[in-house]
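No value in this document is a laboratory result; all are computed from the given coordinates. Quick caveat, the model's predicted, so the values are computed rather than measured. All Cβ positions, glycine included, derive from the backbone under ideal geometry; neighbour counts span all protein chains shown.
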């Protein structure tokens with residue numbers, strides 16, 4: 001009896017321990033189950049909104065190839081921009097997937113569904129965070145940024161199963177990823193490889209389609225830049241036929257129809273108005289470029305009130321639609337090769353101008369042109385200055401060159417006349433002793449101060465096309481560029497990535513500058529550059545434009561020749577070589593002249609070149625001794641170089657007067 005009792009007493013503690021362990025294991029299992037349920041709910045909360053957004057968009061059978069590329073590229077770019085998986089998935093859920101090809105969305109969902117299953121199994125925080133590393137790696141491998149479709153050869157890249165295996169193998173080598181996560185990843189590997197390759201094949205099919213489309217649009221952009229409007233319209237038509245939902249070719253076609261017009265009654269204008277109306281009906285959130293083109297069409301029709309109204313509406317809508325229009329530019333970031341040629345830059349510049357309201361697509365500059373042509377000079381000037389003031393507030397420095405090119409081409413003399421004293425603004429940009437820096441100043445030799453001045457340096461580096469510049473803002477805006485003084489804008493560090501290399505001061509081929517102020521927007525150049533430019537025939541306006549330019553400026557070579565004949569000549573005599581001084585008519589400054597004195601085989605640049613209210617003051621130092629024995633009777637000649645031609649001014653030094661003036665047109 002006692003022995004049986006002893007046995008029972010011995011087993012009771014053991015049984016208690018077993019029960020305790022069982023209860024513990026049960027609680028542990030229950031808590032683990034609850035953790036997994038909680039993690040599953042967390043996964044559902046993160047992934048399900050994306051699935052809902054995508055499923056809703058898939059119901060629309062039509063797709064827009066541009067929209068497809070734009071959205072997927074945006075998702076790929078966000079992989080680096082977002083700091084966590086939660087942030088990235090919330091970003092994905094906020095996107096508008098309408099217009100994206102349904103089979104691309106379906107294939108991407110399959111990839112996400114496996115990543116969701118992986119995330120749902122990770123109850124440890126560190127593993128949840130590592131899941132983003134897996135997600136980023138997998139999706140980056142499928143990224144548009146890795147595509148390089150060669151449509152000419154017919155090669156369509158995609159991610160095959162071996163490449164997918166390599167991606168996953170690299171993940172296994174990542175020491176930051178915990179073993180538990182790697183074990184789960186291994187179980188899903190076969191499925192993941194399958195959906196990765198499926199997605200790649202589907203998506204790159206659309207990339208190849210998009211590349212064929214942009215080939216046609218690129219042709220239209222290049223033809224438009226050369227004024228070949230029939231070719232531009234033909235290429236745009238083919239692009240529209242290939243992708244009826246796209247937008248760029250529709251705008252290109254409308255512009256080609258408008259610019260090819262010879263008479264206000266042309267059917268092209270009615271066709272353009274109809275096309276633009278349909279475009280705005282389909283794309284109300286991207287209507288600003290179309291409104292501007294409608295303004296141009298109505299202007300060509302002679303419907304000036306309608307033209308002004310559309311310009312004003314475009315001006316109001318460009319800022320409102322800036323985000324949507326800017327987003328349309330994202331896929332162009334992938335086409336980095338466009339930056340490696342002049343033609344590629346033309347395509348990018350035209351596209352960005354269209355979407356951001358620069359250059360030809362600037363409503364303010366069109367309104368300025370309309371005002372100038374109507375004889376309202378003050379309103380025209382106000383519109384130009386308002387436009388560049390906004391551009392400065394936006395800090396959109398890369399668009400300023402587009403704007404100035406439009407002003408020079410379409411406003412002509414009206415733009416040149418905003419500040420005729422710019423002939424006496426000189427750029428000084430010198431390398432500093434230490435570092436890749438330039439010390440930049442503007443020497444204002446005019447009689448007028450310029451207030452609220454921002455200086456932009458336009459730099460051409462080695463390997464850049466001669467018409468290409470990279471724009472940098474120099475220092476801070478200064479209160480005033482004082483008259484007859486030099487204003488320092490500070491130093492500029494020059495480090496610019498170009499074609500895989502960093503370019504610095506030693507790589508600079510040419511520097512020019514643009515000065516933005518309250519009363520003027522002007523190029524500022526060195527005297528040497530201005531002289532070189534004046535000597536080239538390329539700087540001369542076409543003959544048919546010269547009369548208009550002279551009429552607007554109220555000067556002409558004949559009038560200036562007469563004024564030059566009445567100029568003052570002086571000799572500053574000294575013990576050695578003497579200085580030659582001249583007082584030339586102020587009107588000459590309108591032609592932005594450069595001066596060189598030629599005497600006895602030597603060429604002299606002016607030591608003093610100052611514009612005053614009563615004329616241009618020149619002084620050429622140490623020319624020769626005009627009072628010495630045996631002095632030559634030959635007369636020095638001052639060459640005045642302008643883009644319209646050269647004035648040869650003979651100096652009758654014995655009589656201290658002008659001996660004659662000849663003008664040779666360029």
Residues of the range 227-258 with backbone N under 17 Å of the label point set 7 Å from the Cα of residue 544 along Cα→Cβ are 227-230
For the pair residue 648 and residue 480, the simple spin-label estimate (label points 7 Å beyond Cα toward Cβ) gives in nm 4.5
The range 384-402 scanned against label point 7 Å out from residue 408 along Cα→C-beta; backbone N under 14 Å for 400-402
In the range 551-665 the DSSP beta bridges are antiparallel at a rate, in percent to nearest 5, of 100
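Relative contact order, percent, of the range 424-525 when contacts are C-alpha pairs under 8 Å separated by at least 6 residues?
On the way: 242 pairs, mean separation 35.3, N = 102.
Relative contact order of the range 424-525: 35 percent.
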Per the rule of 0.36 nm per residue minus the C-alpha distance, extending residue 231 to residue 398 adds in nm 57.3 nm
Here the gain from full extension of residue 467 to residue 612, 0.36 nm per residue of separation minus their alpha-carbon distance, amounts to 48.8 nm
With the range 551-665 reduced to its Cα atoms and the Debye formula applied, log10 I(q)/I(0) at q = 0.11, 0.16, 0.20 1/Å amounts to -0.34, -0.70, -1.08
Binned at 5 Å starting from 0, the alpha-carbon pair-distance distribution of the range 247-411 in whole percents comes out as 1, 9, 17, 22, 21, 16, 9, 3, 1, 0
One finds the C-alpha centres of the range 255-299 and the range 570-644 to be spaced, in Å, by 55
Long-range alpha-carbon pairs in the range 424-525, meaning those over 25 Å apart, account in percent for 20
One finds, for residue 656 and residue 577 with R0 = 22 angstrom and r their Cβ-Cβ distance, a FRET efficiency to the nearest 0.05 of 0.80
Ranked output for segments 635-641, 352-358, 484-490 by mean other Cβ atoms within 10 Å, highest leading, reads 352-358, 635-641, 484-490
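Per 0.36 nm of contour for each residue apart, how much would the distance between residue 309 and residue 52 grow if the chain were fully extended, relative to their Cα-Cα spacing? Mind dumping the intermediate values first?
Values: separation 257, 0.36 × 257 = 92.52 nm, distance 4.19 nm.
Contour length minus the Cα-Cα distance gives 88.3 nm.
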